[in-house]
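These notes concern the structure reproduced below.
The values are calculated or read from the model by the stated rules, or taken from the named source; none is laboratory data. In this text, all values refer to a predicted model and were calculated from it rather than measured experimentally. When we count neighbours, we look across all protein chains shown, and the Cβ atoms used for this are built from the backbone with ideal geometry, even at glycine.
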């Protein structure tokens, strides 16, 4: 449940930031993973990783690729769930942004 909440919060935040920045997105998908420690039958989240894939419109400026990558990091830092987990769970984002051919 925590992974789902984190992924959803990140994706909604990222999509809103891309829209506000007027970046022409053709497709936005997300894969997320969690690293969990199980000790004494207690599950503890160690890390959450988000891997968004963004496909920009073919006529996009090349500078928008870098801007979209930077916004992914900003979305991670701005997400309410990420803020709540800060200091307890490491959160990492690695965006794959490319232009449609």
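Flag: residue 61 does not match the condition of being on the phi < 0 side of the Ramachandran plot and at pLDDT 95 or above. Could you say whether any residue in the range 68-77 is out of contact with any strand residue (DSSP E or B) (no Cβ under 9 Å at 6 or more places or on another chain), surrounded by fewer than 20 Cβ atoms within 10 Å (Cβ to Cβ) and at pLDDT 95 or above? Checked the range 68-77: at least one residue is out of contact with any strand residue (DSSP E or B) (no Cβ under 9 Å at 6 or more places or on another chain), surrounded by fewer than 20 Cβ atoms within 10 Å (Cβ to Cβ) and at pLDDT 95 or above. Which condition does residue 42 not pass, out of (1) in contact with a strand residue (DSSP E or B) (Cβ under 9 Å, 6 or more places away or on another chain); (2) at pLDDT below 95; (3) surrounded by fewer than 12 Cβ atoms within 10 Å (Cβ to Cβ), if it passes all the others? Going through the list (1) in contact with a strand residue (DSSP E or B) (Cβ under 9 Å, 6 or more places away or on another chain); (2) at pLDDT below 95; (3) surrounded by fewer than 12 Cβ atoms within 10 Å (Cβ to Cβ), residue 42 breaks only (1).
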